[in-house]
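The values are calculated or read from the model by the stated rules, or taken from the named source; none is laboratory data. Only a predicted model underlies this, so the values are computations on that prediction, with no experimental measurement involved. All Cβ positions, glycine included, derive from the backbone under ideal geometry; neighbour counts span all protein chains shown. Each accessible area value is taken on the protein alone, full model and side chains, heavy atoms only, with ligands, DNA and RNA left out. Shrake-Rupley method; radii C 1.70, N 1.55, O 1.52, S 1.80 Å.
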Amino acid sequence: MSTKLKRRYKVLFSNLRDLINSWNLIPDSPSDEFDSVNHLCLSLLYKGADELKLGKSIHYELTINYGLSIDEVDSDTLAKEVIAWWEKNK
């Protein structure tokens, strides 16, 4: 990966981290608590994933890997926010 791409990824990662942390999924959690969700989202977005794929992936990550109780409708809402963020920032 080129230096320019690495820098761009770091900027996107930081900005997406801010968005994900704004969801306040676990109050008072460390700022890097949901970095796996961040990596997942960015990976899928770079691969051209649509809102449906992103929503299902977020839902799986939050319910299975984090043990959170979140409805698929809520995951879809989060995916919409991420897609809107991506469209604005890519």
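Evaluated against (1) under 12 Å from the mean Cα position of the chain (by Cα); (2) small (Gly, Ala, Ser); (3) exposed (fewer than 15 other Cβ atoms within 10 Å of the Cβ), Ala79 falls short on exactly one condition, (3). For Leu44, indicate whether it is open to solvent by less than 70 Å² (accessible area, probe 1.4 Å) and assigned to a helix (DSSP H, G or I). Answer is yes for this residue. Against the conditions (1) open to solvent by less than 20 Å² (accessible area, probe 1.4 Å); (2) under 16 Å from Asn21 (Cα atoms); (3) modelled with pLDDT of 95 or more, Trp85 satisfies every one except (1). Are any of the residues in the stretch 53-69 without any contact (Cβ under 8 Å) to a residue 40 or more places away in the chain, open to solvent by 60 Å² or more (accessible area, probe 1.4 Å), within 19 Å of Lys90 (Cα to Cα) and touching a Leu at 6+ places or on another chain (Cβ under 9 Å)? Yes, the conditions are met somewhere in the stretch 53-69.
Which members of the stretch 9-38 meet the condition of being part of a helix (DSSP H, G or I) and either among the aliphatic types (A, V, I, L, M) or open to solvent by 90 Å² or more (accessible area, probe 1.4 Å) (or both)? Lys10, Val11, Leu12, Leu16, Asp18, Leu19, Ile20, Val37, listed by residue number. Residues of the stretch 43-82 that are farther than 16 Å from Asn21 by Cα and aromatic (Phe, Trp, Tyr): Tyr46, Tyr60.
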